[in-house]
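The values are calculated or read from the model by the stated rules, or taken from the named source; none is laboratory data. Computed from a predicted structure; not experimentally measured. For neighbour counting, all protein chains shown are included, and Cβ atoms are generated from backbone atoms with ideal geometry for every residue, glycine included.
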Amino acid sequence: MKKKKDQGVRNYQPSDYEKEDFVSKGLATTHEQVSDTLTEGTFDGKIDEVDKNGNLVTHKGKEIKRKRK
C-alpha cells in the first residue's frame, strides 16, 4: 500500500500576493475575500457608498469590477 505524500501545512504570508504558485495564489485570494468580508460585513462583492467624511450614505452597494483571467 502506498503512503500518501505529506501535504504539509502552509499559512498565508503577505508575500503570497507576489508569488505565482497555485498555493500562494489561493491563499492570497482567500485572504482578500476574508478581509473584504470582515471589513464590509458581506461577501456579495458590493461596497457601501460613503460621503467625503466617511459616513454611510447607502447600503445598496456598488458592484466591484473584477478582472477574469
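Here's the yes/no breakdown for (1) assigned to a strand (DSSP E or B); (2) at pLDDT 70 or above; (3) loosely packed, with under 10 Cβ neighbours inside 10 Å; (4) hydrophobic (A, V, I, L, M, F, W, C):
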{"residue": "Lys5", "(1), (2), (3), (4)": "no, no, yes, no"}
{"residue": "Val9", "(1), (2), (3), (4)": "no, yes, yes, yes"}
{"residue": "Lys19", "(1), (2), (3), (4)": "no, yes, no, no"}
{"residue": "Lys25", "(1), (2), (3), (4)": "no, yes, no, no"}
{"residue": "His31", "(1), (2), (3), (4)": "no, yes, no, no"}
{"residue": "Thr37", "(1), (2), (3), (4)": "no, yes, no, no"}
{"residue": "Lys60", "(1), (2), (3), (4)": "yes, no, yes, no"}
{"residue": "Arg66", "(1), (2), (3), (4)": "no, no, yes, no"}
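Every listed requirement among (1) surrounded by 10 or more Cβ atoms within 10 Å (Cβ to Cβ); (2) of a type in the set (S, T, N, Q); (3) modelled with pLDDT under 85 is met by Gln13 save one, (3).
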